[in-house]
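These notes concern the structure reproduced below.
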Amino acid sequence: MLTPVSRVVTGTFMITDTSSPLNTHPDSHVITIIDKSVLPVAFFERDLCARTATCLGVCAENAISLDENYYPVLDEKRCTACGKCREVCPGARVDFEKLSQQSFGISDDFTFDGHCEEILVGHALDPLILEKATGGGIITALAIMLLESGEVDGCVVTRMRADKPWMGEPFIATSREEILTSAGSRYTVIPLNKTLHTIRQQEGKYAIVGLPCHNHGLRNAMAQDEVLAARIKVIIGTFCGGTLEPVVVPELLRTKNIPLDSITNFEFRGGAWPGQMRAVFKDKPPQAVHYSNYKDGAYNYLIGIYLPRRCQVCYDGSNLFADIAVGDAWTRDESGKYKYNSQSRVFVRSDTGKKIIKKAVERAVLKLNDVTQDPSYKTHRMRTQRKGLNAPLRHARWQKKGIPVPQYDRPLPHASNREKLSEILISMFLWTGQVPWLRYAITKTLTSRAMIPLIKLRLWRKKRKYLKRATSKG
Ligand SMILES: Cc1cc2nc3c(=O)[nH]c(=O)nc-3n(C[C@H](O)[C@H](O)[C@H](O)COP(=O)(O)OP(=O)(O)OC[C@H]3O[C@@H](n4cnc5c(N)ncnc54)[C@H](O)[C@@H]3O)c2cc1C
Ligand code: SF4
Ligand code: SF4
């Protein structure tokens, strides 16, 4: 039964089928009136859509597909207005308390790191995995172990598409070889949860590797559907400082005059750790598209102009509701050098996660050190600031201005005037990303030779900062 029409949306989707249950208007053939209470956020506030495709994954009528930028599109002929897609959507609302209770049976602690049973740092022991992975290859090694030991029949992971190698896609890997192709971070929007559709249809046990927003949608879907809850055995997650709009790769390639159709793959962190963004070709070596490494000059700047609107107000940076969450181990020593090259930081959050990690260490799949009690091993300040401070401040500012924001049940943290000003300045830079010519001009500059001295200057300043810190401690 439909509730009264609550919002008029133009240009989102057209209800042209007079027999559609969504079609509540008398002059139906050109009308775009929908009952927003039954649809997920993409159909009434597109900017709030995280493009998780959870709505598509749970739709039993196949009424939702995705457009070329991975936004959901509704087939009104198929939609029965059941509202299931709306229920699982993590775009408009994240209920931290409910998700925390559902995942671990405890209350949300309001912190960036969230509930952790153990904090570890380490890497996979298989050199092939280490070579292909982004950090310590923890996720790839765990996925292979779970599959080969028969604990799961399939792992939901990602890769770049064969038809459009500049776009990412999810898939269900069922062999070591397939898992190996998924190794590495893809800093681009990937509609991971569309695979729920297959999991619902195909009996078996599954592991899922996703970003925080994917896992919010996933937990919602598991709460809604007991078949999914029974089949999904473990949720592994990556940290997330934000993904990049899919247009990032075509624009990066354009700065180097690399035709889109000449690449066979795109690596966001290819080559030696911490990696570089590289175009991969069929018959010549990969070509880097910028002069810095990934960390000191690529992602940290590109995120300023390609960060999707939904990510700008996202609070979850550490994958709070995964059984095992894995992030980069960026900790530096006193001379400013990274302490944990080719390693990852692992947050073990649940008993399921603990058992898996224990097994991985016993079977010599992973080498891990316990850093739970190590005070120097705190989450990188930049990460906590981005998600734990700037995102909430932006969220509050947008809300005040009447700009649609997701609903969260977390309080606004205290911030000084300086911190508030800093968030506004960062938001101004983020705004430049909305203007395609300006965004491209900035990208062209960031990837040009002109950046080389600036990158060197940045590294020198970093080194000096750490040395100063060490001297003042000594
Ligand atoms: C968009 C994004 C943002 C990130 N931001 C941060 C950050 O700010 N701070 C931080 O410490 N770490 C961040 N990470 C995590 C980090 O880059 C590594 O993924 C993590 O440390 C795991 O390393 P690993 O070597 O164990 O993973 P690997 O063994 O290399 O495995 C990586 C796994 O991630 C999956 N994956 C890759 N891209 C995506 C994607 N877009 N969506 C869903 N799954 C994906 C792959 O399918 C694979 O299973 C981010 C990762 C991504 C994808
Ligand atoms: S479920 Fe995901 S893809 Fe669907 S509308 Fe919500 S955020 Fe967007
Ligand atoms: S920043 Fe948040 S919404 Fe954006 S990709 Fe990461 S987890 Fe998803």
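The values are calculated or read from the model by the stated rules, or taken from the named source; none is laboratory data. In this text, all values refer to a predicted model and were calculated from it rather than measured experimentally. As a convention, Cβ positions derive from the backbone with ideal geometry for all residues, glycine included, and neighbour counts pool all protein chains shown.
The rows are residues; the columns are (1) aromatic (F, W, Y); (2) out of contact with any strand residue (DSSP E or B) (no Cβ under 9 Å at 6 or more places or on another chain); (3) farther than 26 Å from H395 by Cβ.
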{"residue": "A42", "(1), (2), (3)": "no, no, no"}
{"residue": "C55", "(1), (2), (3)": "no, no, no"}
{"residue": "A63", "(1), (2), (3)": "no, no, yes"}
{"residue": "D67", "(1), (2), (3)": "no, no, yes"}
{"residue": "Y71", "(1), (2), (3)": "yes, yes, no"}
{"residue": "R78", "(1), (2), (3)": "no, no, yes"}
{"residue": "R86", "(1), (2), (3)": "no, yes, no"}
- Query: Among the numbered criteria (1) out of contact with any Lys or Arg (no Cβ under 6 Å at 6 or more places or on another chain); (2) more than 16 Å from ligand 3 (Cβ to nearest atom); (3) within 20 Å of R269 (Cα to Cα), which single criterion is violated by G122?
  - Reply: (1)
- Task: Just name the residue that is surrounded by the fewest Cβ atoms within 10 Å (Cβ to Cβ) out of those in the stretch 131-141 that are near ligand 1 (Cβ under 8 Å from one of its atoms) and not in a loop (DSSP other than H, G, I, E, B).
- Result: K132
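Among A325, A298, which is the only one that is away from ligand 2 (no atom under 16 Å from the Cβ) and either aromatic (F, W, Y) or not in a helix (DSSP H, G or I) (or both)?
Checking each option against the conditions leaves just A325.
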- Residues in the stretch 88-105 that are touching a helix residue (DSSP H, G or I) at 6+ places or on another chain (Cβ under 7 Å) and within 14 Å of ligand 2 (Cβ to nearest atom) total 6
- When you scan the stretch 248-269, how many residues do you find that are surrounded by fewer than 20 Cβ atoms within 10 Å (Cβ to Cβ) and within 20 Å of the chain's Cα centre (by Cα)? 2
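Yes or no, residue by residue, for (1) at pLDDT 95 or above; (2) more than 17 Å from the chain's Cα centre (by Cα); (3) of a type outside the set (K, R); (4) away from ligand 1 (no atom under 16 Å from the Cβ):
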site: P40; (1), (2), (3), (4): yes, yes, yes, yes
site: C49; (1), (2), (3), (4): yes, no, yes, no
site: T54; (1), (2), (3), (4): yes, no, yes, no
site: E76; (1), (2), (3), (4): no, yes, yes, yes
site: C79; (1), (2), (3), (4): no, yes, yes, yes
site: C82; (1), (2), (3), (4): no, yes, yes, yes
- Give me a count of the residues in the stretch 31-86 that are within 16 Å of ligand 3 (Cβ to nearest atom), part of a loop (DSSP other than H, G, I, E, B) and surrounded by fewer than 20 Cβ atoms within 10 Å (Cβ to Cβ). 2
